[in-house]
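For reference, the structure is listed below as structure tokens.
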Amino acid sequence: MNYLVTGATGFIGKFLLERLLAHPDAAVYTLVRDGSRVKFQAMCERYGEAAARIHVITGDITTPGLMSAADRDGLAGNINHVFHLAAVYDMYMDDAAADRVNNEGTRNVVDFVNGLGGNVTLHHVSSIAIAGPDFVGTFREDMFDEGQSVDHPYYRSKFQSEKIVREEARVPFRVYRPGIVVGDSQTGEMDKIDGPYYFFKAIQKLAQAMPRWLPLLGVEGGRIPVVPVDYIADAMDAIAHKPGLDGRAFFLVPTNAPTLGEVLQVLLQAAHGPEFARRFELPAATDLLRRVKQKLGKAISQDMQRRISEIIGLPVSALGQAFNQTVYDDRQARTALFGTGIHCPSFKDYADKLWSYWENYLDAETGIGPVEQSALAGKIVMVTGATSGIGFLTARKLAAAGAKVILVARTREKLEETQTIIRCHGGEAFVYPCDLSNLEAIDAMADAVLRDFGHVDVLVNNAGRSIRRGVLESLDRFHDFERTMKLNYFGAVRLINKLLPSMTARRSGQIVNISSIGVLSNMPRFSAYVASKAALDAFGRCLSAEVKADNIDITAIYMPLVRTPMIAPTKLYNYIPTWSADRAANTVVRAIVERPKSIATPLGTAAAISYSLWPRVNDSILSRGYRLFPSSAAAKGQKEEKPTMEGVVFANVFKGAHW
């Protein structure tokens, strides 16, 4: 089976190629512009050995004939399927670009396929955009020209390009109309900010600013036909090879598309933010927004639209989609896919993967400015526990500031993933797997780092283990105390001792120990954890005086409760104020730049002072908290209960404390 694909370098294209190459007898010809050959060759690495069956043909859909006469002659009669994906998708596009690429480009492809000869089928990738932004009601797959409004260059050109295929193709054809394309439902992979991704940054900031227990009010809005790219590729591949479907169009959308409110709620959950207690329909606001969008789209220039879009966070032309009133009936697609096992997954089942990929690869905002760059550029910084939570974000921020970041954690695969993310954003990172509870492994890792780099400017002892369990519940669990000390104290001290000689030899260095607010406040149920952190804290205070003359600073950060994977099992923390991991990482970066003796929250400082002055009063307050917040029910195999209103108020008075 021989295929020709246009737009293979595009997002859907690279996934479709993967499916076509899965056919063992497939030979895939790709039409690639001369300027995109390097990009395409790099992309082909994802296909492994199957890439040997890809044949690159230099050409351009905007050129009549698409390719050289010799290449056309070589393909004549030898192609079974032509997939036309190449198009411009840009909500800021102008009419000239829309006509040149989407319309004339499609006409050139149709003319080419008409002249190929042999048994060939044309597969044209259209869009739900052919229904226009303002259609109200159900739009079926057998519907096309219903008098709908398609004024915007993108909507207009997608409608007209499908019309060209319908009217001018003299070979069998099939039309695919994808919805709003998002990343892979398995990996989250996405290539750009688009569709629902316009809301991600606002959702992230909301989740970081608002306590998770706070109920919100939201808007229901219209239905958002989000569809993962892997479903599109799977569906196109399956439908293309099924007989008896020529001349039909197929909506590649979720059968029951989520509303705007549902999309935002699911994304808030993925961001560990609050939930909507209630969502409201605002039909009057919907109509008003549509009219405003239409007037803005017609009355202002493209440049002005861009400026307005920057302010509101999404393209002016996409405003109407948030309150879309079109239902896209995908009955023909579902019928064609019956028995294949291919179906469009529910957004809530893969939104967490989209969110994770966006945070790691597409969200370039780090909060790093000139001050941090000046202080950190070229520094060699080791971060332990670098693959998640505070350590991961600290490593990203340090790399963004120009530091050479040495990543240390147990699992090589996770370290290499972190390294890839950092390099994706232009930073430098180096992988050193190590079990930091194994003293011999620490020695070997430190020796390798010193052999490779000569020294480490800054060590961030971030890796740690926390256990939330009272002493009376731990009488037969002495290993809890042993393993926390082994990692949190002995592992950190062993690493300090290995790196310290090179710091003293250079008369320069800094050690940042991530401690806990519990060391200052003596929180109940955390005896194992707090004791290990207090031991490291005491070690650091003693060491500080010894190395002061060598220009080595020891900094302790008494971190409050931070929402990281380490606290996720304790559902009680959903109702307790926490810091975001981003805020915690910013604190670590500030500590490295400013080199203070310690950093503590006002509550932590107040707790330390009050314990010195009024220890019995402190015990009474902590005892009340101990009784308000029970031990983990999950550890006992029971259902976790919400805290009482008194507990919520108590937790908000003592913000950041570990209860």
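For the condition among the basic types (Lys, Arg), surrounded by fewer than 17 Cβ atoms within 10 Å (Cβ to Cβ), outside the structural domain of Asn108 (by TED's automatic domain parsing) and without any contact (Cβ under 8 Å) to a residue 24 or more places away in the chain, what is the one hit in Arg37, Arg72, Arg33?
Values: Arg72 fails: without any contact (Cβ under 8 Å) to a residue 24 or more places away in the chain; Arg33 fails: without any contact (Cβ under 8 Å) to a residue 24 or more places away in the chain.
Answer to the check: Arg37.
Do we find that Phe11 is outside the structural domain of Val182 (by TED's automatic domain parsing), within 27 Å of Gln160 (Cα to Cα) and surrounded by 15 or more Cβ atoms within 10 Å (Cβ to Cβ) in this structure?
On the way: outside the structural domain of Val182 (by TED's automatic domain parsing): yes; within 27 Å of Gln160 (Cα to Cα): yes; surrounded by 15 or more Cβ atoms within 10 Å (Cβ to Cβ): yes.
Judged against the criteria, Phe11 is a match.
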Number of the condition not met by Thr138 [criteria: (1) over 17 Å from Tyr176 (Cα atoms); (2) assigned to a helix (DSSP H, G or I); (3) in contact (Cβ under 8 Å) with a residue 40 or more places away in the chain]:
(2)
The strands (runs of 3 or more DSSP E) lying entirely within the stretch 1-68 that contain at least 1 residues which are more than 28 Å from the chain's Cα centre (by Cα), at pLDDT 95 or above and small (Gly, Ala, Ser) are 27-32
What are the pairs with Cβ atoms under 7 angstrom where one residue, in the stretch 539-566, is within 14 Å of Ser516 (Cα to Cα) and without any contact (Cβ under 8 Å) to a residue 60 or more places away in the chain and the other, located anywhere, is basic (Lys, Arg) and surrounded by fewer than 23 Cβ atoms within 10 Å (Cβ to Cβ)? Sequence gap at least six, or different chains.
Thr555/Arg595; Thr555/Lys597
Taking Asn513, is it under 26 Å from Thr601 (Cβ atoms) and in a strand (DSSP E or B)?
yes
Can Leu354 be described as under 15 Å from the mean Cα position of the chain (by Cα), over 15 Å from His425 (Cβ atoms) and not assigned by TED's automatic domain parsing to the domain that holds Met559?
yes
Cβ pairs under 8 Å, 6+ apart or interchain, first in the stretch 366-386 and in the same structural domain as Leu500 (by TED's automatic domain parsing) and more than 11 Å from Val593 (Cα to Cα), second buried (at least 23 other Cβ atoms within 10 Å of the Cβ) and of a type in the set (S, T, N, Q), ordered by first then second residue, are Val383/Thr394; Val383/Asn462; Thr384/Asn461; Thr384/Asn462; Gly385/Asn462; Ala386/Thr394; Ala386/Thr418; Ala386/Asn462
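Pick from the stretch 129-171 the residues that are out of contact with any Lys or Arg (no Cβ under 6 Å at 6 or more places or on another chain) and among the small types (Gly, Ala, Ser): which of them is farthest from Arg100 (Cα to Cα)?
Step one: filter the stretch 129-171 for residues out of contact with any Lys or Arg (no Cβ under 6 Å at 6 or more places or on another chain), giving 131-149, 151-163, 165-171.
Narrowing the set further to residues that are among the small types (Gly, Ala, Ser) leaves 131-132, 137, 147, 149, 157, 161, 169.
On the way: Ala131: 21, Gly132: 20, Gly137: 32, Gly147: 24, Ser149: 21, Ser157: 10, Ser161: 11, Ala169: 19 Å.
Result: Gly137.
When the residues of the stretch 147-156 are filtered to those that are buried (at least 22 other Cβ atoms within 10 Å of the Cβ) and touching a residue at least 40 places away in the same chain (Cβ under 8 Å), which remaining residue is nearest to the chain's Cα centre (by Cα)? Steps first, please.
At the first step, the residues of the stretch 147-156 found to be buried (at least 22 other Cβ atoms within 10 Å of the Cβ) are 152-155.
Among the residues that remain, those that are also touching a residue at least 40 places away in the same chain (Cβ under 8 Å) are: 152-154.
Working: His152: 30, Pro153: 30, Tyr154: 27 Å.
So, considering only residues that are buried (at least 22 other Cβ atoms within 10 Å of the Cβ) and touching a residue at least 40 places away in the same chain (Cβ under 8 Å), the one nearest to the chain's Cα centre (by Cα) is Tyr154.
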For the stretch 243-261, how many residues meet the condition of being in contact with a helix residue (DSSP H, G or I) (Cβ under 8 Å, 6 or more places away or on another chain) and surrounded by fewer than 20 Cβ atoms within 10 Å (Cβ to Cβ)?
3
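Part of a helix (DSSP H, G or I), closer than 28 Å to Pro153 by Cα and of a type outside the set (Lys, Arg): does that describe Phe112? Give the steps one after another, and end with the answer.
Numbers: part of a helix (DSSP H, G or I): yes; closer than 28 Å to Pro153 by Cα: yes; of a type outside the set (Lys, Arg): yes.
So Phe112 passes the test.
Would you check if there is a residue in the stretch 475-486 being touching a Ser or Thr at 6+ places or on another chain (Cβ under 9 Å), of a type in the set (Phe, Trp, Tyr) and surrounded by 20 or more Cβ atoms within 10 Å (Cβ to Cβ)?
Residues of the stretch 475-486 touching a Ser or Thr at 6+ places or on another chain (Cβ under 9 Å): 480-481, 483-486.
Adding the requirement that they be of a type in the set (Phe, Trp, Tyr) leaves 481.
Remaining after also requiring surrounded by 20 or more Cβ atoms within 10 Å (Cβ to Cβ): none.
No, every residue in the stretch 475-486 fails to be touching a Ser or Thr at 6+ places or on another chain (Cβ under 9 Å), of a type in the set (Phe, Trp, Tyr) and surrounded by 20 or more Cβ atoms within 10 Å (Cβ to Cβ).
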I'm trying to understand the selection: among the residues of the stretch 48-67, which are small (Gly, Ala, Ser) and under 15 Å from Thr6 (Cα atoms)?
Gly59, Gly65
If we keep just the residues of the stretch 583-622 that are outside any helix (DSSP H, G or I) and not hydroxyl-bearing (Ser, Thr, Tyr), which is nearest to Ala395 (Cα to Cα)?
Arg595
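Could you please find all residues in the stretch 231-242 being in contact with a Phe, Trp or Tyr (Cβ under 9 Å, 6 or more places away or on another chain) and crowded, with 21+ Cβ neighbours inside 10 Å?
Ile232, Ala233, Asp234, Ala235, Met236, Ile239
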Which listed residue, of Phe144, Phe159, is at negative phi, at pLDDT 95 or above and surrounded by 20 or more Cβ atoms within 10 Å (Cβ to Cβ):
Phe159
Mind checking which residues of the stretch 208-235 are outside any loop (DSSP other than H, G, I, E, B), more than 20 Å from Thr259 (Cα to Cα) and outside the structural domain of Gly137 (by TED's automatic domain parsing)?
Gln208, Ala209
Would you call Lys404 more than 22 Å from the chain's Cα centre (by Cα), in the same structural domain as Asn462 (by TED's automatic domain parsing), surrounded by fewer than 19 Cβ atoms within 10 Å (Cβ to Cβ) and at pLDDT 95 or above?
no
How about the stretch 162-182: which of its residues are buried (at least 21 other Cβ atoms within 10 Å of the Cβ) and either assigned to a loop (DSSP other than H, G, I, E, B) or on the phi > 0 side of the Ramachandran plot (or both)?
Gly179
Restricted to the stretch 311-365 and to residues being at pLDDT below 90 and of a type in the set (S, T, N, Q), the residue surrounded by the fewest Cβ atoms within 10 Å (Cβ to Cβ) is Gln325
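The values are calculated or read from the model by the stated rules, or taken from the named source; none is laboratory data. Not measured: the values here are computed from a predicted model. Cβ coordinates were reconstructed from backbone atoms using ideal geometry, including for glycine residues, and neighbour counts include every protein chain displayed.
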